[in-house]
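Q: First the structure, which I've put down as structure tokens, then a few questions once you've had a look.
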Amino acid sequence: MPDTYPERSDGGGVEPAARRAPRSVAETGLPFLFLVELLVKIMFLRGQITLPALSSHVKLGANVLEPLLTFMRAEKLCEARRDGSSGTDADLSYQLGDQGRLRAADYLRRNAYSGPAPVNLADYSNQVLAQSVAHMHVTRERVMREFRDVVASTAVLDQLGAAMNSGRALFFHGPAGSGKSYLAERLNGLLSGAIALPHAVMVDGEVLPFLDPMLHTLSGDTPPADSRWVRALRPAVLTGGELTLDMLDLQFDPGARLYQAPPHLKANNGIFIIDDLGRQRCSPVELMNRWIVPMARHIDFLSLHTGYKFAVPFDVIVVFSSNLAPQELADDSFLRRIGYKIHVGPLSAYHYLAVFRSTCAQLGINFDESAYACLLHLHDLHKRPLLACYPRDILAQICDKARYDDLPAQLTPEVLQWAWNNYFGSNGILASTHTGSATVQHKGEAK
């Protein structure tokens with residue numbers, strides 16, 4: 001009876017991660033000799049290993065491994081011994097022979113990857129397209145539920161929800177401290193549905209480790225039948241001022257002999273946040289020009305250290321965040337590829353009070369009307385806008401002082417003004433008050 005696979009609901013071919021586990025070398029989509037090299041490297045690093053342990057490590061069944069191991073034994077690359085009494089292959093353990101150890105050293109010099117068997121590039125690309133971010137559906141109800149504890153205008157939240165449905169890039173802009181980064185980071189809560197991710201991807205004989213525990217979170221869904229894939233939540237990858245153009249290319253460490261996939265590739269089927277745009281070591285124009293082709297064609301091009309160039313899907317909602325206006329960072333040809341430019345500015349008086357009260361509750365400080373009136377007076381006096389970052393920053397200083405004095409934190413006009421002066425600089429306002437002196441003296445010195 002011929003093998004059958006579950007079909008996609010759209011009538012297309014089966015999704016790679018939905019196939020049954022491969023039952024032969026041919027069904028892995030990987031070259032026979034490539035898998036031999038991988039097994040040799042694993043045995044070299046792990047020493048004697050049982051068949052079940054080898055199968056668990058490489059994420060391939062025993063029926064796939066048997067012809068590979070038979071070939072390796074015939075070529076004097078490995079030896080087998082039986083350690084149990086069950087009479088099954090589970091009793092077998094394998095270790096490299098002298099010839100195998102020599103080959104392993106050569107293989108590791110080329111590429112040191114020795115983890116789970118990869119999937120091929122074609123299967124990875126097809127899987128990314130099958131679980132595209134364009135398939136997500138973000139509703140107003142979902143946005144309001146996810147941002148229920150966030151003080152933000154309804155207009156901004158409506159823009160966020162529509163932007164997530166578009167699958168196009170977003171650009172947050174506004175003054176520092178207005179909450180742009182916080183809103184961008186909360187977008188991951190709008191990502192829905194688990195996706196399939198490979199442990200690694202093979203390209204032109206090279207292996208690119210892909211699954212990253214720092215960026216990918218496994219879901220509780222049933223894992224794919226093919227153990228080379230895992231189920232994970234849609235990723236949300238954040239970069240900031242440390243981002244360089246080199247980081248957006250495939251990196252090969254000649255010492256470790258391992259590849260490092262760029263962050264936007266690991267963000268496929270999710271969101272990629274570029275925070276503090278304009279503070280990177282490269283110019284904003286260079287950085288944004290890097291995204292013109294991927295954002296327009298949904299394809300990016302990467303190169304192996306051998307010079308081989310290949311295309312990968314670019315299925316990412318790119319989120320830019322900057323203190324600068326979009327027109328200051330890019331030209332019209334790029335800006336038209338950004339679907340949504342969302343301005344995040346100062347809060348209204350109503351929202352600022354809500355943030356201040358909420359922060360007081362979180363820090364265990366009783367709200368005081370007279371102290372809050374003093375804060376608003378200072379804002380007005382120094383022409384400081386009502387930015388979302390100020391309540392927490394100022395109230396945190398009040399908590400610092402309370403711990404120093406070994407007293408409960410208390411909100412008063414005096415202590416609030418003291419915190420304001422620390423945060424912004426005194427500007428001559430409390431130069432002669434009891435809170436401090438311009439002259440620092442040691443005990444016992446004459447005043």
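The values are calculated or read from the model by the stated rules, or taken from the named source; none is laboratory data. Source: prediction; values computed, not measured. Neighbour counts are summed over all protein chains in view; Cβ atoms, including those assigned to glycine, are modelled from backbone coordinates with ideal geometry. For the accessible areas, the whole protein counts, side chains as well, though only heavy atoms, and no ligand, DNA or RNA atoms are used. Shrake-Rupley method; radii C 1.70, N 1.55, O 1.52, S 1.80 Å.
Q: Those residues that are open to solvent by less than 70 Å² (accessible area, probe 1.4 Å) and touching a Lys or Arg at 6+ places or on another chain (Cβ under 9 Å), I need them from the stretch 97-114; list them, please.
A: G97, G100, A104, Y107, L108, N111, A112, Y113, S114, listed by residue number.
Q: Then there's this: Could you please let me know if T139 is more than 30 Å from L233 (Cα to Cα) and open to solvent by 50 Å² or more (accessible area, probe 1.4 Å)? Quick ask: steps written out before the conclusion?
A: Working: more than 30 Å from L233 (Cα to Cα): no; open to solvent by 50 Å² or more (accessible area, probe 1.4 Å): yes.
No; evaluated as a whole, the condition is false for this residue.
Q: A further question on this structure: Where residues in the stretch 332-345 are in contact with a helix residue (DSSP H, G or I) (Cβ under 8 Å, 6 or more places away or on another chain) and assigned to a loop (DSSP other than H, G, I, E, B), which of them is least open to solvent (accessible area, probe 1.4 Å)?
A: Restricting to residues being in contact with a helix residue (DSSP H, G or I) (Cβ under 8 Å, 6 or more places away or on another chain) and assigned to a loop (DSSP other than H, G, I, E, B), the top hit is V344.
Q: Tell me which residues, restricted to the stretch 154-175, are of a type in the set (S, T, Y) and either surrounded by 18 or more Cβ atoms within 10 Å (Cβ to Cβ) or under 14 Å from M144 (Cα atoms) (or both).
A: If we filter the stretch 154-175 for residues that are of a type in the set (S, T, Y), which is where we start, we get 154, 166.
If the condition is that a residue be of a type in the set (S, T, Y) and either surrounded by 18 or more Cβ atoms within 10 Å (Cβ to Cβ) or under 14 Å from M144 (Cα atoms) (or both), then T154 is the only one that fits.
Q: For S227, are the conditions met, namely being more than 13 Å from the chain's Cα centre (by Cα), part of a loop (DSSP other than H, G, I, E, B), at pLDDT 95 or above and farther than 21 Å from H298 by Cα? Even if it seems obvious, please write down each step before you answer.
A: Details: more than 13 Å from the chain's Cα centre (by Cα): yes; part of a loop (DSSP other than H, G, I, E, B): yes; at pLDDT 95 or above: yes; farther than 21 Å from H298 by Cα: yes.
Here the answer is yes, as S227 does meet what is asked.
Q: Among V150, V156, V138, which is in a helix (DSSP H, G or I) and in contact (Cβ under 8 Å) with a residue 24 or more places away in the chain?
A: Working: V150 fails: in a helix (DSSP H, G or I); V138 fails: in a helix (DSSP H, G or I).
Within the list V150, V156, V138, the selection yields V156.
Q: Also, I was wondering about something else. Among P209, P198, P235, which is the only one that is out of contact with any Cys (no Cβ under 8 Å at 6 or more places or on another chain), under 28 Å from I292 (Cα atoms), surrounded by fewer than 19 Cβ atoms within 10 Å (Cβ to Cβ) and at pLDDT 95 or above?
A: On inspection, the qualifying residue turns out to be P209.
Q: Now for a separate question. If you go through the stretch 46-82 one residue at a time, how many are farther than 21 Å from D98 by Cβ, in a helix (DSSP H, G or I) and among the aliphatic types (A, V, I, L, M)?
A: Summing the residues that are farther than 21 Å from D98 by Cβ, in a helix (DSSP H, G or I) and among the aliphatic types (A, V, I, L, M) in the stretch 46-82 gives 6.
Q: Still on this model: Could you list, in sequence order, all residues of the stretch 235-268 that are under 26 Å from S114 (Cα atoms), in a loop (DSSP other than H, G, I, E, B) and not acidic (D, E)?
A: Across the stretch 235-268, the qualifying residues are P235, L250, P254, G255, A256, R257, A261, P262, A267, N268.
Q: So, one more: Going through V133, V150 one at a time, which residue ends up being closer than 28 Å to D276 by Cβ, among the β-branched types (V, I, T) and buried (at least 22 other Cβ atoms within 10 Å of the Cβ)? Spell out how you get there, then give the answer.
A: On the way: V150 fails: buried (at least 22 other Cβ atoms within 10 Å of the Cβ).
Going through V133, V150 in turn, the sole match is V133.
Q: Would you check if there is a residue in the stretch 365-381 being exposed (fewer than 14 other Cβ atoms within 10 Å of the Cβ) and of a type in the set (S, T, N, Q)?
A: The answer is yes; a qualifying residue exists.
Q: Another one. Determine, yes or no, whether Y350 is part of a strand (DSSP E or B), surrounded by fewer than 17 Cβ atoms within 10 Å (Cβ to Cβ) and hydroxyl-bearing (S, T, Y).
A: no
Q: Could you pull out the residue among A184, A194, A232, A296 that is free of Cβ contacts under 8 Å to residues at least 60 places away in the same chain and farther than 29 Å from A117 by Cβ?
A: A296
Q: Name, by its number, the condition in (1) open to solvent by 30 Å² or more (accessible area, probe 1.4 Å); (2) among the acidic types (D, E); (3) in a helix (DSSP H, G or I) that does not hold for D123.
A: In the conditions (1) open to solvent by 30 Å² or more (accessible area, probe 1.4 Å); (2) among the acidic types (D, E); (3) in a helix (DSSP H, G or I), D123 misses (1) alone.
Q: Here's something else I'd like to know. Could you tell me which of the residues G339, G270 is small (G, A, S) and more than 20 Å from the chain's Cα centre (by Cα)?
A: Going through G339, G270 in turn, the sole match is G339.
Q: Right, another one. Given the residues A402, A419, A396, which is the only one that is touching a helix residue (DSSP H, G or I) at 6+ places or on another chain (Cβ under 6 Å) and either at pLDDT 95 or above or surrounded by 15 or more Cβ atoms within 10 Å (Cβ to Cβ) (or both)?
A: Being touching a helix residue (DSSP H, G or I) at 6+ places or on another chain (Cβ under 6 Å) and either at pLDDT 95 or above or surrounded by 15 or more Cβ atoms within 10 Å (Cβ to Cβ) (or both) holds for just one of A402, A419, A396, which is A419.
Q: Is there a residue being modelled with pLDDT under 95, in contact with a helix residue (DSSP H, G or I) (Cβ under 6 Å, 6 or more places away or on another chain), open to solvent by 20 Å² or more (accessible area, probe 1.4 Å) and in a loop (DSSP other than H, G, I, E, B) anywhere in the stretch 22-45?
A: no
Q: Being surrounded by fewer than 17 Cβ atoms within 10 Å (Cβ to Cβ) and not hydrophobic (A, V, I, L, M, F, W, C) is the filter; apply it to the stretch 292-304 and report the residue that is farthest from S166 (Cα to Cα). Walk me through it before giving the result.
A: From the stretch 292-304, those surrounded by fewer than 17 Cβ atoms within 10 Å (Cβ to Cβ) are 292-293, 296-299, 301, 303-304; that's our starting set.
Pick out the ones that are also not hydrophobic (A, V, I, L, M, F, W, C) and you get 297-298, 303.
Values: R297: 15, H298: 14, S303: 30 Å.
Looking at the filtered set, the residue picked out is S303.
Q: Could I ask something else about it? Assuming G307 fulfils every condition listed in (1) touching a residue at least 12 places away in the same chain (Cβ under 8 Å); (2) within 30 Å of P254 (Cα to Cα); (3) surrounded by fewer than 15 Cβ atoms within 10 Å (Cβ to Cβ); (4) not aliphatic (A, V, I, L, M) apart from one, which condition is it?
A: The number of the failed condition is (1).
Q: Any idea which of P391, P408, P385 is touching a residue at least 60 places away in the same chain (Cβ under 8 Å) and in contact with a helix residue (DSSP H, G or I) (Cβ under 9 Å, 6 or more places away or on another chain)? Quick ask: steps written out before the conclusion?
A: Details: P391 fails: touching a residue at least 60 places away in the same chain (Cβ under 8 Å); P408 fails: touching a residue at least 60 places away in the same chain (Cβ under 8 Å).
Criteria check complete, one pass: P385.
Q: So is S178 open to solvent by less than 40 Å² (accessible area, probe 1.4 Å), of a type in the set (S, T, Y), more than 17 Å from the chain's Cα centre (by Cα) and closer than 26 Å to A388 by Cβ or not?
A: Here the answer is yes, as S178 does meet what is asked.
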